[in-house]
Amino acid sequence: MTEVVLDAGRVAAALEVAEGTGPWYWLRELEAIDTDAIGPVELDRETAAERLELLGVPEEDAAEVLATLPSRERAPVWWWCLERDVHRLLCHIGEPDAPRGCWPSFEGNRYDAAHRCHFLHVALAVMPSTLAYFSGLGVPGEIALASMRDLARHVGIHRRVHHSTGVEAAWWMTLCLRGEIVDLGRLQYNRFTLGSCESPLWYRDEEAGERGPGFRPGDPCLGVHIPEGSPLTPDTVQASLEMAGDFFSRFFTVDQRRVATCMSWLLDEQLAEYLPEESNIVAFQRRFEIVPGFYEGDDQVLNFVFRAPADVDLSILPQRSLLERAAVAHIRAGRQWRMRTGWLDLPPPGA
Ligand SMILES: CC(C)(COP(=O)(O)OP(=O)(O)OC[C@H]1O[C@@H](n2cnc3c(N)ncnc32)[C@H](O)[C@@H]1OP(=O)(O)O)[C@@H](O)C(=O)NCCC(=O)NCCS
C-alpha cells in the first residue's frame, strides 16, 4: 500500500480546518518546518499516563487524553501535527524572546476530544525536555514541576468552563513548555528582553532612556503573572517576590538592574473606585509604579472574573462578589476597563 504524503491541505481537510482561520495558519506554519530537522517523538500510553499523574491532571481528563493519544499508525494526521509542534517547542526551550508561533485554540465543545487534547499530547511529549532544561540549570525539581503543573491548572479551567477535557489558553502554555514560566509561591515569573515580543506596554523610548538601565529597549526584564487560585494576600505576594529575588539572581544572573513588570487588568486604578483600600487587589496595585497608557481591558475582566467571552450578555453574569458587581456596573455605565503595566524592583537576594 502506498503511504499518503501529508501536507497542510490534506491535514486541514481531515481536521475540518477552514482556509483563512487561525488553525489554518497554524498548519501552514507546521508545513514550513524542514522535515529532516524533525526528531522522532516517543509517547506510548504508559509513559503518557505517568506524566499526566506527575502533572496532577485529574483522572477524568487524563482518561480522555489517553483515549485520544495518537500514534503514527492509528492517527497519522494528528501524529503529523504532534511531531511538528513538539519540534518547534523543543527548538526554543530556554529562549525567552523566541516568537511563540501560531497555535490553534481548540477550546470548547465545538471541537471533538482529539482536537481538544492535541495540545496535551504535545505537552506530554515535550515535558521531559523542559524538566531536563531546568535540571541542567540546577533549578530544584519541585520548582520545575510546580511550574509545569500550570498545565493542570489550565485543564481545570477548561473543565470548569466547558465541562470537558481541553486546555485553556494553549498559546500561553507554550511558554510553560519552553521552560519560560517559573512558579514561585503565589506568583509566576518569566524572563524577557524589553522591546521583544513578550514586552508589555511600556515607556516611550525617550522616557525609557532617561530612566536608565533596566528600562531601555534591550534591557533584561521579568514578567510577573497572577494565576487564578487562592486570595492574593499581601503576605503571599511578598513571600513570592522574595523567592523571585533569590531565584533569578541565582539561576539567571544579570549584571544590571532588572525590574519586574506586570501587565494586567488587576492594575487598573479604576478598580479602587469599587474595592476597599484593604482589598488584596488594591494592596497589590500599591506595590507597582504604573506606566502611562493602557490597552482596552473589558475582555480581560470578563474572562478573568467570569470566564466569559467578550460578547457575553451581561444580564446572565453572577453578581455575588463586589468585583463581579463592579465589573458589570462599570461596563453598563459605558466605561471601559483597562490593562495597565506596572513595575517594581524585586527584593534583593536574602531579603
Ligand atoms: C487575583 C485574585 C486571586 C484576587 O482575588 P482576591 O485575593 O480575593 O482579591 P480581593 O481581596 O481584592 O477581592 C475583592 C473582592 O473581589 C472579589 N473577587 C476577587 N477576584 C475575583 C474573581 N476573579 N472573580 C470574582 N470575584 C472576585 C472578592 O471575592 C472580593 O469580593 P467580596 O468582598 O464581595 O467577597 C482573583 O481575582 C483571581 O484569581 N483572578 C484570576 C487570575 C487573574 O486575573 N490573573 C491576572 C491575569 S492578567
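A short reminder: the numbers here are calculations on the coordinates, not readings from a lab. As the structure is a computational prediction, the values presented were derived from the model and not from experiment. Using ideal geometry, Cβ is built from the backbone for each residue, glycine included, and neighbour counts are taken over all protein chains shown.
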(Q) Which order do the peptides 203-216, 161-174, 22-35, 294-307 come out in when sorted by mean C-beta neighbours inside 10 angstrom, highest first? (A) 161-174, 294-307, 22-35, 203-216
Q. Can you list the residues of segment 141-158 with backbone N under 13 Å from a point 7 Å past the Cα of residue 316, pointing along Cα to Cβ?
A. none
**Q.** Distance in nm between pseudo-label sites at residue 63 and residue 197 (7 Å out along the Cβ direction from Cα)
**A.** 3.8 nm
Q: List the residues whose amide H sits under 5 Å from the amide H of residue 223, counting only those 5 or more places along or on another chain, with H placed 1.01 Å from N in the peptide plane.
A: 190, 191, 192, 261
**Q.** Quotient of C-alpha Rg and 2.2 N^0.38 Å, computed over segment 83-161
**A.** 1.20
**Q.** Where the Cα pairs of segment 181-324 fall when distances are cut into 5 Å bins, in %
**A.** 2, 8, 16, 19, 20, 16, 10, 5, 2, 1, 0
**Q.** Scattering curve values for segment 1-180, log₁₀ I(q)/I(0), Debye with Cα scatterers, q = 0.11, 0.15 Å⁻¹
**A.** -0.44, -0.85
Q.
Report the rotationally averaged projected area of segment 192-241 based on its alpha-carbon convex hull, in square nanometres.
A. 4.5 nm²
(Q) At 4 °C and a viscosity of 1.567 mPa s, what translational diffusion coefficient does Stokes-Einstein give for the chain, taking Rh as the Kirkwood radius over Cα pairs? Give it in µm²/s as a whole number. (A) 59 µm²/s
Q) Length gain on complete extension for the stretch residue 35 to residue 146, per 0.36 nm per residue less the alpha carbon to alpha carbon distance? A) 36.6 nm
Q) What is the spread of the Cα atoms of segment 149-189 along each of their three principal axes, largest first, in whole Å? A) 29, 20, 11
**Q.** Mean Cβ count within 10 Å, highest first, over the residues of peptides 64-71, 45-52
**A.** 64-71, 45-52
Q. How many angstrom lie between the C-alpha centres of segment 283-311 and segment 113-162?
A. 26 Å
Q. Can you give me the Cα centroid spacing of segment 224-247 and segment 15-40 in angstrom?
A. 38 Å
Q) Quick one: Karplus J couplings for segment 212-226, per residue in order, coefficients 6.51, -1.76, 1.60, θ = phi - 60°, nearest Hz, x for Gly and Pro? A) x, x, x, 10, 8, x, x, 7, x, 8, 10, x, 10, 10, 10
(Q) Among 267, 26, 212, whose Cα projects farthest towards the positive end of the dipole of the chain, with charges put on the beta-carbon of Lys, Arg (+1) and Asp, Glu (-1)? (A) 267
